[in-house]
Amino acid sequence: HFAGLSVETHILYCPNAGMATTDFAERANAALIVVGTARRSGIQRLMLGSVAEKVTRLAPCSVLVVRA
C-alpha cells in the first residue's frame, strides 16, 4: 500500500496478451494498467505486434507504459 492506494499484481499467460490484459482489467474494474515495452521497432514490431500498443488502444482505464 502506498499513500492509501491498494496495489495488486497479476500475471497472465495466454497467446493474446494485449486482449487478455484489457479483458482482465475490465472484469477487475481496474483504475490503472502498468505495462512494459520491449523497445521493438520497424519490422520486428509489425511482425510480432506490440502488447503495450494493444493495451493502450483497448484498455477500459488509464495505462502507464514503462520502457523496459
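The values are calculated or read from the model by the stated rules, or taken from the named source; none is laboratory data. Owing to the predicted nature of the structure, the values given are computational and were not obtained by experimental measurement. Using ideal geometry, Cβ is built from the backbone for each residue, glycine included, and neighbour counts are taken over all protein chains shown. Ligands, DNA and RNA are excluded from the accessible area calculation, which covers all protein heavy atoms including side chains. Shrake-Rupley method; radii C 1.70, N 1.55, O 1.52, S 1.80 Å.
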Taking 7 Å along the Cα-to-C-beta vector as the label spot, tell me the ALA17-ALA31 distance in nanometres, rounded to one decimal.
2.6 nm
Amide H contacts of ILE33 (H built 1.01 Å from N, under 5 Å, at least 5 apart or other chain)
SER62, VAL63, LEU64
At a probe radius of 1.4 Å, what is the per-residue accessible area of ARG39, in Å² to the nearest 10?
150 Å²
